[in-house]
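Here the structure is laid out as structure tokens; the discussion comes afterwards.
The values are calculated or read from the model by the stated rules, or taken from the named source; none is laboratory data. Just so it is clear, the model here is predicted, and its values are computed rather than measured. Glycine gets a Cβ as well: all are built from the backbone with ideal geometry, and neighbour counts include every protein chain shown. Just the protein is used for accessible areas: all its heavy atoms, side chains included, with ligands, DNA and RNA removed. Shrake-Rupley method; radii C 1.70, N 1.55, O 1.52, S 1.80 Å.
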Amino acid sequence: MRSEVIADVTGRPGELQVAPAADPSPQKQKQPVTAGTVIAYVCVVLAAVIFAIPLIYAVFSALKPNDQIFAVPPTLVGEEVRWSNFAEVFRFGPFWTYIGNSFFVAIAGTIVVNVVSTTAGYAFGRLRWRGRDVVFVLFLVTLMVPQEVLVVPMFQLMQWFGWVNTPQALILPFAFTAFGTFLLRQFLRGIPYELEEAARVDGAGPVRSFVSIILPLARSAVAVLTVFTFITFWNSYLWPLIVVNDYGYLGTLPIGLATFAGQFGTRWDLQMAASIISMIPTTILVIVLQKHLVKGIATAGIAGR
Amino acid sequence: MTATEAPAAPPRRAQSRLRRIESRQALGFISPALAGLTVFTIAPVVLSIVMSLFEWPAWGDRSFVGVGNYVELFTSHPDFWPALRNSAIFTVLFVPLNLAVSLTLALLLSPRIKGRAVFRVLFFIPVVTPMVANVLVWKMLLQPNGLFNGISTSAFGIELPSFLSHPQWAMVMVVVMSVWQGMGYNMLIFCAALEQLPESVLEAARLDGATGWRMFARITVPLLSPAIFFTTVMTMITSMQVFVQPQLLTGGGPGNATIPIVMFIYEQAFTFQQMGLAAAAAWILFAIIIALTALQFSAQKRWVHYEV
């Protein structure tokens, strides 16, 4: 299982292979239920319940009339279940604009990141050219520069470009991170060269073999990168906060949510409904692509070894 | 380079011609990334160094002050040291708590737990949901008339402190909220690492009679030490960069009790328009992070075991 998982992301089954014995064999799982297992179950369920309280309470609060959220003693369900809170959110501000902007920025950003990372990953991982290793080290070094160092001069650049409050300012500045390039390079290096060689012999150049041979094989790496990038753009807060000044035009969901909370500080019901709405897309993404995400993080973790 | 990567050598002249073509095409493939990186990372880094040496208002005249910004931060700025201190307190509280919770959960979620994928997803949800939404939920819970105090007073008759307006409790709650929000990430890394423990070593330890705590302390933890080292370094870096939780949960307050260094940078640059000062503070933060990371790397020989 594990070795497959790693191979799926890095394409290098050999390098990170795990002894088959690491898999729990079917016979072993049939061992009798021990006290340890019972204790583990109790602890896990207890931890899950404690952990889930804020989430559960948020959902139920979103369905209450506002004056009952802080009722004494606390109740789970208010006197009525107000599904209309979710509709009312959209009447209290340009919430559709926030959602639309968030989707636009996340999707456009993901496309840019994927195009840049696959092409650069291909050049670093599969083509031979002078200075390749030097440029690659340069890429890796930029991974160490924190966002906090960048935002101040980046805002100055945006002013000079005249990009403040434009969509491209939300998408481009943080779409060229070396992380995607690094991920794709590692993955593409693991694809056997013979696969490309046949096409090269038949006269296909790098462009042709990149599009018709390498890209289809890189699907799982692209999937991991897509999920991570989408989530990052969807949730990003600091940069939009800085570079957007007309929230009604370019505000994204986290920004909208923050200003929304500021404006309607007493409407906890609506704030909770809005928060729940903003959590839905990424939560669905995580549930659907759970395995890919776990793989991606596992690889990221292993890369640190 | 692996052997599979080198194609059978064509005749020399053809090879050099192919090389040239390949180099040119490689330049085409690399240019979008290279251009983007130059404009959006290298240029800002250079600009940032320059800005930190100037008095650089967002609009208007700039003047060269040399290391004046750095000197001002260390010697006369009233909010800089408190901000550094707050980031340090946050890191000291957050990193061990986060690692303890995430490692414990990962150990509990062993293969014997059925449905552990569901638990993993649950613990991971706050990691991927907008931080603003997470903070709003906690803000509601921590209100004086919120759920925590509500249950405490109505069930036990105990009045809890006003968490977000108390200097010490505010920081504690920023940490607690952050652990809840972020520990799912480390938990997944530990889960992946645990699944990769070499069964042969575990088996040998079992045959030698290692069980329970001894097994954990003498075998599992040393085997996990590379993963623990990696998560410690990464978590420390991100916790020195904390911004959203205190900004939205407490607004940095009460007073300046929870303003971290990144919020200080943000406020200097975009509230007080002192972009040069903010750039200098960002470089100081970066230097501290690099120093702490280097320290951890030099200390790793003492406790991280790579040989498996």
The residue that is modelled with the lowest pLDDT, considering only those in segment A:139-174 that are part of a loop (DSSP other than H, G, I, E, B) and more than 7 Å from chain B (Cβ to nearest Cβ), is A:Met144
Looking for something modelled with pLDDT under 90, assigned to a helix (DSSP H, G or I) and crowded, with 23+ Cβ neighbours inside 10 Å - is there at least one such residue anywhere in segment B:204-227?
yes
Being surrounded by 21 or more Cβ atoms within 10 Å (Cβ to Cβ) and either under 19 Å from B:Trp81 (Cβ atoms) or not basic (Lys, Arg) (or both) narrows B:Ile265, B:Ile284 down to just B:Ile265
Scanning segment A:63-75 residue by residue, those among the hydrophobic types (A, V, I, L, M, F, W, C) and more than 10 Å from chain B (Cβ to nearest Cβ) turn out to be A:Leu63
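Yes/no matrix, rows are residues, columns are (1) over 30 Å from B:Leu277 (Cβ atoms); (2) open to solvent by 60 Å² or more (accessible area, probe 1.4 Å); (3) at pLDDT below 95:
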residue	(1), (2), (3)
B:Ala14	yes, no, yes
B:Ile42	no, no, yes
B:Leu53	no, no, no
B:Gly66	no, no, yes
If we ask which residues in segment A:113-129 are in a helix (DSSP H, G or I) and either on the phi > 0 side of the Ramachandran plot or aromatic (Phe, Trp, Tyr) (or both), their number turns out to be 2
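So for segment A:96-103 (the condition being surrounded by 16 or more Cβ atoms within 10 Å (Cβ to Cβ), out of contact with any helix residue (DSSP H, G or I) (no Cβ under 7 Å at 6 or more places or on another chain) and among the hydrophobic types (A, V, I, L, M, F, W, C)), does at least one residue qualify?
yes
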Being farther than 28 Å from A:Thr259 by Cβ and either touching a residue at least 12 places away in the same chain (Cβ under 8 Å) or away from chain B (no Cβ under 14 Å) (or both) narrows A:Ala87, A:Ala120, A:Ala108 down to just A:Ala120
Filter segment B:268-279 for residues that are facing chain A (nearest Cβ under 10 Å) and not polar (S, T, N, Q); the one that is surrounded by the fewest Cβ atoms within 10 Å (Cβ to Cβ) is B:Phe270
Test for B:Trp138: is it within 26 Å of B:Ala217 (Cα to Cα) and buried (at least 21 other Cβ atoms within 10 Å of the Cβ): no
message = When you scan segment B:93-105, do you find a residue that is more than 19 Å from the chain's Cα centre (by Cα) and either more than 8 Å from every other protein chain (Cβ to nearest Cβ) or surrounded by fewer than 17 Cβ atoms within 10 Å (Cβ to Cβ) (or both), even just one?
response = yes
Only one of (1) in contact with a Pro (Cβ under 6 Å, 6 or more places away or on another chain); (2) farther than 30 Å from A:Val152 by Cα; (3) more than 12 Å from chain A (Cβ to nearest Cβ); (4) among the hydroxyl-bearing types (Ser, Thr, Tyr) does not apply to B:Ser154, and that is (3)
>> Based on this model, can you work out whether B:Gln181 counts as at pLDDT below 85 and surrounded by 19 or more Cβ atoms within 10 Å (Cβ to Cβ)?
In response: no
A careful count of residues in segment B:90-143 that are closer than 22 Å to B:Ala227 by Cβ and in a loop (DSSP other than H, G, I, E, B) gives 5
